1. May I ask you to say which residue of B:R530, B:R559, B:R553 is surrounded by 11 or more Cβ atoms within 10 Å (Cβ to Cβ) and in contact (Cβ under 8 Å) with a residue 12 or more places away in the chain?
2. Among the residues in region B:295-305, are any under 17 Å from the mean Cα position of the chain (by Cα) and among the basic types (K, R)?
3. Quick one: which residue in B:A537, B:A591, B:A617, B:A624 is of a type in the set (A, V, I, L, M, F, W, C), assigned by TED's automatic domain parsing to the domain that holds B:D355 and farther than 30 Å from B:V173 by Cβ?
4. Is it the case that region B:170-191 has a residue that's within 14 Å of the chain's Cα centre (by Cα) and of a type in the set (A, V, I, L, M)?
5. So which of B:V87, B:V30 ends up being at pLDDT 85 or above, part of a helix (DSSP H, G or I) and not acidic (D, E)?
6. Any residue in region B:251-274 that is in contact with a Ser or Thr (Cβ under 9 Å, 6 or more places away or on another chain), modelled with pLDDT of 85 or more, part of a loop (DSSP other than H, G, I, E, B) and more than 26 Å from B:Y558 (Cβ to Cβ)?
7. Give me a count of the residues in region B:101-127 that are more than 13 Å from B:A250 (Cβ to Cβ) and assigned to a helix (DSSP H, G or I).
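The values are calculated or read from the model by the stated rules, or taken from the named source; none is laboratory data. Fair warning: this is a prediction, and the values are worked out from it, not measured in the lab. Cβ: placed from backbone, ideal geometry, glycine included. Neighbour counts: every protein chain shown.
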Amino acid sequence: MIVPLTHVLLLAGIIFIMGLACVVAWRSNLIMMLIGIEIMLNAAMLAFVGGGAHWGLVDGQIFSLIIMALTSAEVSLALSMVVYLHRRRKTVNANDFSELKG
Amino acid sequence: MKLYLSLIILLPLLGGVINALVGRLFPRRVSECLACGVIWGAFIASLFAYHDYNGAIRVDLINWLAAFDFQAPVSLYLDPLSLVMIVMITFVCAVIHTYSVAYMTEEEDYVRYFALLNLFVFAMLVLVLAENLPLLYLGWEGVGFCSYALIGFWYREEKNATAGRKAFIVTRVGDTAFGIAIVWMYQLFNSVSITTLNQMGSTVSVGTITCIGILLLIGAMGKSAQMPLMVWLPDAMAGPTPVSALIHAATMVTAGVYLLARMFPLISPSSTALAAIALTGGATAFYAATCALAQRDLKRTLAYSTISQIGFMMLGVGAGAITAATFHLLVHAFFKALLFLAAGCVIAATHHEQDIFKMGGLKKRLPITFWSFLAGGACLAGLPLTGGFFSKDSILMAVWLKGGTLYCGLYLLGVLTALLTSIYTFRMIYLVFGGDDTDKLHCSSAHSCKVSSVMELALIPLALLGLFGGLINIPSYLGVGWLGALFAPLTGGTELETSHSLELGMQTIAGVIALAGLAIAHYRYGGNRRQERLTAAAGPETGVVSFFLYGWRFDDLYRLLFIRPYEALSSFLWQQIDEGVIDDSLDRVAAFFGRSGELLGSWTNGRVSIYIISFAAGAAMLLAYLAWLS
């Protein structure tokens with residue numbers, strides 16, 4: 001492989017941290033938080049694919065396919081919940097939903 | 001023999017238990033008959049035991065305590081000492097039970113009274129018949145408990161309950177010393193059997209024997225109200241009068257003397273321990289006699305006279321004269337029970353008046369009581385030819401014959417005490433029965449000053465036994481005394497070899513002393529001078545009279561020495577240590593955890609972002625830790 005594994009993992013780490021920063025920083029909008037989560041999942045997928053290519057195993061690619069399926073399911077569910085919440089409270093700010101506080 | 005001894009022990013227990021459990025279900029008369037019947041039954045059984053007695057015998061009933069090589073079965077030991085004690089105890093107790101039936105007719109709570117009285121007799125008989133020290137201790141504590149419960153019988157009055165507690169706590173001091181002595185003897189000799197222990201006296205050093213003797217003496221001090229543990233007995237008069245007669249005069253308080261006489265062969269090698277016993281007895285006899293001189297309360301006067309007479313018995317034990325001490329114990333039991341029962345008649349007749357300065361003229365109103373009381377008083381004072389005269393004289397003579405500075409001093413103290421005894425006895429008789437001013441005594445025609453005939457009849461056998469008690473052990477110039485011959489097989493006691501002229505001389509001295517006391521009392525309280533004393537006594541007591549009245553102020557001394565520091569210590573421990581240190585530190589720990597919990601709790605504020613940051617921070621820390629590991 002031309003690109004060494006280290007570079008792939010570094011890129012995956014950077015993307016993951018950017019996704020995490022998006023989730024943490026952009027909490028006034030639930031949709032942006034979901035996008036952040038998507039970015040983190042993609043970073044993980046990238047790490048899987050890089051690992052699979054490096055060792056010549058097919059597991060990494062299988063896992064990234066599973067993550068794709070899981071992500072599509074998760075996004076459809078999460079978006080429907082965001083729409084529902086927006087209907088009820090007329091807001092998508094995550095800090096306004098604190099009913100589960102101890 | 002086994003049957004008789006079992007009956008003696010079990011009958012009072014049976015009566016007490018039945019009365020305590022189901023006594024309420026019976027008619028009153030049945031309970032009373034049961035209580036009296038079992039004691040008379042025990043008396044008859046002890047008479048049979050006396051009749052069949054031929055030599056010391058040990059009877060094993062059941063196993064009680066057994067662990068490894070420690071053995072304390074319920075076994076009884078009948079020897080001359082316990083034989084005369086059980087006959088005396090069952091007889092005096094039976095008379096007093098019968099008297100109680102009449103005395104307590106108006107008492108609602110008679111079942112508790114009779115149950116406790118029966119249990120007391122049971123415990124006392126266990127104490128006397130026990131063959132080993134743990135069993136003796138069981139009886140010892142049993143009489144202590146019954147005494148406590150009976151002193152505080154009318155517990156609804158604070159004063160009576162306090163007197164009961166005081167008796168219990170003060171005697172506990174002595175019991176502790178006795179308990180230590182038992183454990184120590186077991187450790188030394190590997191046995192708790194009295195007969196075994198009594199043969200061991202010479203096998204250990206004299207110093208050890210002295211220590212054991214002193215510990216036993218402290219135990220006896222508590223139970224027999226000797227100095228310095230005598231403060232409970234005058235207060236114990238808060239109980240019903242028959243209880244005072246039974247427990248605090250005739251039987252229980254002599255348990256200490258009995259214990260020392262019982263263990264005498266063990267402690268006799270130590271002359272120091274014997275001297276301590278004699279000194280305690282002599283000092284107590286003198287102390288109590290001076291206190292009795294100033295008392296105003298009829299029963300307290302008798303209580304102090306009891307302390308004084310038990311002091312004489314201790315003096316006799318200390319002088320090694322077991323026979324003389326037991327002789328005085330027996331005669332004293334008869335005449336002191338008599339005096340208390342007669343005092344009970346007086347108190348019942350005067351509607352619970354106990355101040356002797358408010359009595360008078362009872363001679364005509366209560367002739368039988370008067371003559372009985374006079375007989376008891378004559379014995380107490382030791383007027384010649386009464387029982388008390390012979391017994392007290394034999395103790396004094398034993399002390400004199402012992403020789404040495406200490407014993408000579410104690411003899412002189414004993415003679416002085418005998419003089420004081422005679423004075424206070426006749427002071428009491430003159431004040432209670434002399435004169436004719438009965439107006440003070442609420443004896444209007446409405447309440448006639450009469451007492452039940454059962455109560456007066458009960459006095460007569462005791463009076464006869466007291467007066468003719470001298471026949472139990474006649475002086476050696478008249479023949480062989482019954483008690484002396486019976487006690488001959490007992491080891492350890494020194495038998496007195498004395499010339500008849502010395503004996504006669506001593507008895508003359510004792511007789512003159514007693515008569516001198518009578519003369520002094522007559523001079524101060526007889527005839528018209530009685531009225532002067534009454535007027536003089538109306539004011540408050542001052543100086544030496546009040547010193548004697550309050551028992552040399554020993555109560556105040558103990559309050560200062562023990563009770564105040566104890567209360568101060570208790571309140572310090574309560575407020576500073578318990579509340580200040582323990583509670584406070586626990587409170588602070590609890591508050592710390594509470595606050596830190598609240599602090600952590602504020603983390604869960606429901607904001608998803610905080611959770612995500614915390615989660616990310618935790619993951620970062622984990623990663624950092626893993627990086628640091630590799």
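1. Answer to the check: B:R530.
2. yes
3. B:A537
4. yes
5. Numbers: B:V30 fails: at pLDDT 85 or above.
Of B:V87, B:V30, the one residue that is at pLDDT 85 or above, part of a helix (DSSP H, G or I) and not acidic (D, E) is B:V87.
6. For region B:251-274, residues in contact with a Ser or Thr (Cβ under 9 Å, 6 or more places away or on another chain), modelled with pLDDT of 85 or more, part of a loop (DSSP other than H, G, I, E, B) and more than 26 Å from B:Y558 (Cβ to Cβ): absent.
7. Taking region B:101-127 first, the residues more than 13 Å from B:A250 (Cβ to Cβ) are B:101-116, B:118-119, B:122-123, B:125-127.
Imposing the further condition that a residue be assigned to a helix (DSSP H, G or I) reduces the set to B:101-103, B:110-116, B:118-119, B:122-123, B:125-127.
The number of residues fulfilling the criteria is 17.
Yes/no matrix, rows are residues, columns are (1) under 30 Å from A:C22 (Cα atoms); (2) more than 9 Å from every other protein chain (Cβ to nearest Cβ):
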residue: B:W574; (1), (2): no, yes
residue: B:E579; (1), (2): no, yes
residue: B:I582; (1), (2): no, yes
residue: B:D587; (1), (2): no, yes
residue: B:G597; (1), (2): no, yes
residue: B:S602; (1), (2): yes, yes
residue: B:V608; (1), (2): yes, no
residue: B:I613; (1), (2): yes, no
residue: B:G618; (1), (2): yes, yes
